[in-house]
């Protein structure tokens, strides 16, 4: 059974978060290379987060364009809302960081594919801007006044939405691949950490949680597989949240015990929201407001878990 596209119009793309690793470990060539891969991973994810925010604003602009058409059809003497499409430009500091990180990173299995994906993003974002500008001009330059029954509008709208969708796909692929490679590199660093018994389960649960988010936003997700993943995630969280069987003396301060417990509380919250969302999607619910709300709550809990994780590994 597969998701219907209409069910995901309010869910868009999850913005992946950067993971950081700190630790008082002896550097080896393998660990130095892993750190460089993590740096590249984080730089891609940072750019992707910004791009997805921009794409969200372009999506809002299309909705505003629909509102203009509805208003003008009722009364063409009214002035349409100006569609501020804005020129997309990546943050120069983050772009420079990516350029430097991509050169410094060693060869790894996914590097060629990742760099190829990143080489495509500029042209896709330029297409979004070009189509958004044409859509904005349709109203700003009052082209609609000479367009009988708004006959040209559907093509302008479709072109804009299609370019946004293509850009989202490229960024999603790039950020997902970056997260996967960063996760693998981070686990290499974590295995020799003095707090490995804490952080490896934490990291593993974060990876699974992110995987569930990705499947929720995938239009062709297989529901039985998704439900299995959610069930496994909740079971893992239930086991790993128990700190009583771990050596608390390895923590540099008992403050980090609170960070650990808060981390798992936030993971559990996110998993519960995603479980409820999965049920609604499986049922074919049309309650997009509720689904969007559940997704938003899950994302907030996930971000909070990331913050606690980064706090914990910083000791």
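The values are calculated or read from the model by the stated rules, or taken from the named source; none is laboratory data. All of these numbers come straight from a predicted model, not from anything done at the bench. For neighbour counting, all protein chains shown are included, and Cβ atoms are generated from backbone atoms with ideal geometry for every residue, glycine included.
Observations on the model:
- Taken together, the residues in segment 110-146 that are surrounded by fewer than 14 Cβ atoms within 10 Å (Cβ to Cβ) and touching a helix residue (DSSP H, G or I) at 6+ places or on another chain (Cβ under 7 Å) amount to 1.
- When the test is whether a residue is modelled with pLDDT under 90, in the same structural domain as residue 125 (by TED's automatic domain parsing), surrounded by 13 or more Cβ atoms within 10 Å (Cβ to Cβ) and under 20 Å from residue 123 (Cβ atoms), residue 58 does not pass it.
- Flag for residue 94 being more than 21 Å from residue 156 (Cα to Cα), within 25 Å of the chain's Cα centre (by Cα) and in the same structural domain as residue 44 (by TED's automatic domain parsing): yes
- Test: residue in segment 241-254 that is within 23 Å of the chain's Cα centre (by Cα) and over 16 Å from residue 206 (Cβ atoms): no
- Residue in segment 212-231 that is at pLDDT 90 or above and surrounded by fewer than 14 Cβ atoms within 10 Å (Cβ to Cβ) present: yes
Table: residues versus (1) over 27 Å from residue 30 (Cβ atoms); (2) in the same structural domain as residue 314 (by TED's automatic domain parsing); (3) touching a residue at least 12 places away in the same chain (Cβ under 8 Å); (4) not in a helix (DSSP H, G or I).
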residue: 188; (1), (2), (3), (4): no, no, yes, no
residue: 203; (1), (2), (3), (4): no, yes, yes, no
residue: 212; (1), (2), (3), (4): yes, yes, yes, no
residue: 230; (1), (2), (3), (4): yes, yes, yes, no
residue: 237; (1), (2), (3), (4): yes, yes, yes, no
residue: 246; (1), (2), (3), (4): no, yes, yes, yes
residue: 249; (1), (2), (3), (4): yes, yes, no, no
residue: 256; (1), (2), (3), (4): no, yes, yes, no
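Listed here are the residues, each with its yes/no results for (1) modelled with pLDDT under 90; (2) surrounded by 13 or more Cβ atoms within 10 Å (Cβ to Cβ); (3) not in a helix (DSSP H, G or I).
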position	(1), (2), (3)
16	yes, yes, yes
21	yes, yes, yes
34	no, yes, no
37	no, yes, no
48	no, yes, no
65	no, yes, no
84	yes, no, yes
97	no, yes, no
108	no, yes, yes
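- Yes/no for residue 176 being over 22 Å from residue 256 (Cβ atoms), assigned by TED's automatic domain parsing to the domain that holds residue 127, within 17 Å of the chain's Cα centre (by Cα) and part of a helix (DSSP H, G or I): yes
- Scanning segment 190-209 for residues that are surrounded by 20 or more Cβ atoms within 10 Å (Cβ to Cβ) and at pLDDT below 90 gives a single hit, 190.
- Residues that are surrounded by fewer than 17 Cβ atoms within 10 Å (Cβ to Cβ) and either in contact (Cβ under 8 Å) with a residue 12 or more places away in the chain or at positive phi (or both), drawn from segment 287-308: 288, 289, 292, 303
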